[in-house]
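Student: Handing you a structure now.
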Amino acid sequence: HGRQPRYIFGHSLGGAIAVQLASDVKDAKGLILEGTFTSIPDVFESMKWGWLPITPLITQRFDSARKIERLTLPVLVVHGEADTLIRPELGRALFERATAPKRFELVQGGTHYSTNGMGQAQYRQALRDLFGLGA
């Protein structure tokens, strides 16, 4: 049918949407997540005011940690080491929950908005190693 392979990419909140999309489609060849998280309650709890008892009130939970466990396509998780909006520990925790072939890349000095640009060499290598792209 001549279609190019499809890879799903999501950054930040888009990462949660990408995990959902990867759960729904059957023809994706891989999932790439950047600066994303396990769930919205986890993000809130990692912030300055995270001690406030409001997580039960969060209605849109975006529970990627639960969904990523069921995926069978390869998963690349990239996170900036200096990301103060979505802490790298949340990206690492999401990566740990994945059961499919996977890779985690921590970009030194990468912030929530600069990781992609700063980590181009790491991205290229990870895309080659995990997905066979650009080989």
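Student: Search the structure for amide H atoms under 5 Å from the amide H of F9, placed 1.01 Å from N in the peptide plane, and list their residues when 5 or more places away or on another chain.
Tutor: Here the answer is I32, since their amide H atoms fall under 5 Å of that of F9.
Student: Sticking with the crude label model, points 7 Å out along Cα→Cβ, report the distance from D24 to E69 in nm, one decimal please.
Tutor: Spacing of the two 7 Å Cα→Cβ label points: 2.3 nm.
Only the coordinates and a few stated rules stand behind these numbers; no lab work does. All values derive from a computational prediction rather than experimental measurement. Note that we place each Cβ from the backbone using ideal geometry, even for glycine, and neighbour counts take in every protein chain shown.
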